[in-house]
Amino acid sequence: GNLEDYEETVKKAKEAWKVWADIPAPKRGEIVRQIGDALRQKIKVLGSLVSLEMGKIFVEGVGEVQEYVDVCDYAVGLSRMIGGPILPSERPGHALIEQWNPVGLVGVITAFNFPVAVYGWNSAIAMICGNACLWKGAPTTSLVSVAVTKIIAKVLEDNKLPGAICSLVCGGADIGTAMARDERMDLLSFTGSTKVGKQVALMVQERFGRSLLELGGNNAIIVFEDADLNLVIPSALFAAVGTAGQRCTTARRLFLHESIHDEVVAKLAKAYAQVRIGDPWDSDTLYGPLHTKEAVKMFLDAVEQAKQQGGSVVCGGKVINRPGNYVEPTIVTGLPHNAPIVHTETFAPILYVLKFKEEEEVFAWNNEVKQGLSSSIFTKDLGRIFRWLGPKGSDCGIVNVNIPTSGAEIGGAFGGEKHTGGGRESGSDSWKLYMRRSTCTINYSKDLPLAQGIKFQ
């Protein structure tokens with residue numbers, strides 16, 4: 001799409017919103033339920049398309065569509081529950097209530113790595129709140145964007161509603177910039193790199209708009225000496241190697257207590273050697289290609305920098321000699337916790353393994369990177385667990401114990417702090433971001449008492 005297409009689409013979406021906003025929230029929930037059912041019916045073919053276009057393995061592609069289905073189910077229940085409190089008024093004969101209304105048009109810009117699920121988190125919740133959506137997916141996954149939009153449009157049109165309630169413009173940075181600068185975009189949800197997210201945030205803020213940012217992560221797993229290694233090895237493997245290291249929640253730093261460092265590295269290297277690499281459509285494959293040639297170059301550059309900064313490549317580190325953007329899943333040891341490459345998020349399957357001695361220092365090292373998305377510790381110490389969850393523990397939006405950094409559930413709010421952007425999507429009270437709040441006072445008496453006991457006579 002070009003900017004003329006964008007202009008036409010915004011106008012259609014704004015018109016469609018007038019229809020959608022008048023529909024009661026539970027009825028909107030019923031439409032979202034039907035969208036979930038329509039996705040269920042096409043889950044395998046859509047999962048195949050995700051696998052083909054993005055490159056993730058087939059089961060992950062299907063899992064991503066399942067996530068959208070699950071969010072639809074969640075949103076259906078939410079459509080009967082959203083609302084504000086009735087608050088006690090200090091003035092007799094007065095009622096004080098909170099009213100929540102839709103913001104209007106929600107722009108959603110998503111990244112290549114989750115071309116279905118992230119739009120699902122946003123659109124299902126935004127829709128039950130009474131918003132129309134305008135989506136710009138990643139330019140490299142536009143077939144997925146078109147397929148998902150067609151599925152949604154059919155449900156809307158079958159219910160005699162305008163398909164433009166969920167509009168799509170495929171395009172590049174020109175469309176994204178137009179969305180960020182457009183005052184008709186009442187909320188802009190952006191998922192992508194911290195670098196681009198900062199530009200988007202500044203453009204939106206310049207017009208006093210609202211943004212929801214889901215940006216980078218430099219996530220750590222911390223393993224203490226009392227950890228159950230039967231949990232640690234598969235967790236670290238999945239978190240570091242899943243989606244070929246292209247999740248914002250991918251584990252990039254693995255802090256090991258010095259007493260178990262060598263044992264864990266040996267076991268992890270053995271597990272890495274068993275990872276089945278191949279065609280993402282093959283049911284036996286656990287690990288597919290990177291998304292682009294540029295990602296392969298970034299991988300090689302990061303491995304070279306890690307070596308120059310004193311790291312040792314335990315396994316991996318090379319491009320695989322086969323068609324496609326395949327690289328070896330890689331483990332690097334021997335770097336200090338504050339090495340520049342360790343503080344750089346490379347969107348590739350490179351895991352930096354680092355030694356620590358004390359709880360206090362490793363909690364500080366977890367928090368010292370600019371991003372604050374996901375974090376995990378492995379321990380059986382109850383006191384340590386609650387220190388980790390507390391004010392001097394992890395500063396991330398996702399704080400885990402004895403599970404990996406990746407694989408978040410939809411029921412909780414998803415997002416992070418600092419350079420991760422501060423946004424929250426999906427569960428908990430994330431729906432509030434898609435609505436505007438009004439504090440309403442109703443005088444049902446015949447008097448006019450003022451607040452704080454002020455007399456004005």
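The values are calculated or read from the model by the stated rules, or taken from the named source; none is laboratory data. Small disclaimer: the values here were computed from a predicted structure and weren't measured. Note that each Cβ is placed from the backbone with ideal geometry, even for glycine, and that neighbours are counted across all protein chains shown. All accessible areas refer to the heavy atoms of the entire protein, side chains included, with ligands and DNA or RNA removed. Shrake-Rupley method; radii C 1.70, N 1.55, O 1.52, S 1.80 Å.
Please find, within the stretch 178-195, the residue that is nearest to GLU8 (Cα to Cα) out of those that are charged (D, E, K, R) and outside any loop (DSSP other than H, G, I, E, B). If you could, list the steps in order and put the result at the bottom.
Narrowing the stretch 178-195 to residues charged (D, E, K, R): 181-184, 186, 195.
Those left that are additionally outside any loop (DSSP other than H, G, I, E, B): 181, 195.
Working: ARG181: 16, LYS195: 29 Å.
Here the answer is ARG181.
I'd like to check something: does the stretch 394-404 contain any residue that is within 14 Å of the chain's Cα centre (by Cα), within 13 Å of GLY217 (Cβ to Cβ) and part of a strand (DSSP E or B)?
Here is the first cut: in the stretch 394-404, the ones within 14 Å of the chain's Cα centre (by Cα) are 396-398.
Remaining after also requiring within 13 Å of GLY217 (Cβ to Cβ): 396-398.
From what is left, the residues that are part of a strand (DSSP E or B) are 398.
Yes, the stretch 394-404 contains at least one residue that is within 14 Å of the chain's Cα centre (by Cα), within 13 Å of GLY217 (Cβ to Cβ) and part of a strand (DSSP E or B).
Would you check if GLY137 is on the phi < 0 side of the Ramachandran plot, without any contact (Cβ under 8 Å) to a residue 60 or more places away in the chain and crowded, with 18+ Cβ neighbours inside 10 Å? It would help to see each step written out before you state the result.
Values: on the phi < 0 side of the Ramachandran plot: yes; without any contact (Cβ under 8 Å) to a residue 60 or more places away in the chain: yes; crowded, with 18+ Cβ neighbours inside 10 Å: yes.
Answer is yes for this residue.
Given the stretch 206-323, what strands (runs of 3 or more DSSP E) lie entirely inside it while holding 1 or more residues that are of a type in the set (Ser, Thr, Tyr), closer than 25 Å to PRO340 by Cα and over 27 Å from the mean Cα position of the chain (by Cα)?
Hits in the stretch 206-323: 312-315.
Could you list, in sequence order, all residues of the stretch 411-435 that are open to solvent by less than 70 Å² (accessible area, probe 1.4 Å) and on the phi > 0 side of the Ramachandran plot?
GLY415, GLY421, GLY422, SER426, SER428
Condition check ((1) farther than 23 Å from PHE363 by Cβ; (2) crowded, with 22+ Cβ neighbours inside 10 Å; (3) touching a Cys at 6+ places or on another chain (Cβ under 9 Å)) across all residues:
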site: VAL265; (1), (2), (3): no, no, no
site: ALA273; (1), (2), (3): yes, no, yes
site: PHE299; (1), (2), (3): yes, yes, no
site: GLN309; (1), (2), (3): yes, no, no
site: HIS343; (1), (2), (3): no, no, no
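Looking only at the stretch 164-177, how many residues end up being assigned to a helix (DSSP H, G or I) and buried (at least 19 other Cβ atoms within 10 Å of the Cβ)? Full working, then the answer.
Residues of the stretch 164-177 that are assigned to a helix (DSSP H, G or I), as a first pass: 164-165, 173-177.
From what's left, buried (at least 19 other Cβ atoms within 10 Å of the Cβ): 164-165, 175-176.
Of the residues in that region, 4 qualify.
For the stretch 346-361, what are the residues that are within 22 Å of SER406 (Cβ to Cβ) and surrounded by fewer than 22 Cβ atoms within 10 Å (Cβ to Cβ)? First the steps, then the outcome.
Taking the stretch 346-361 and keeping what is within 22 Å of SER406 (Cβ to Cβ), we get 346-354, 356.
Correct list: THR346, PHE356.
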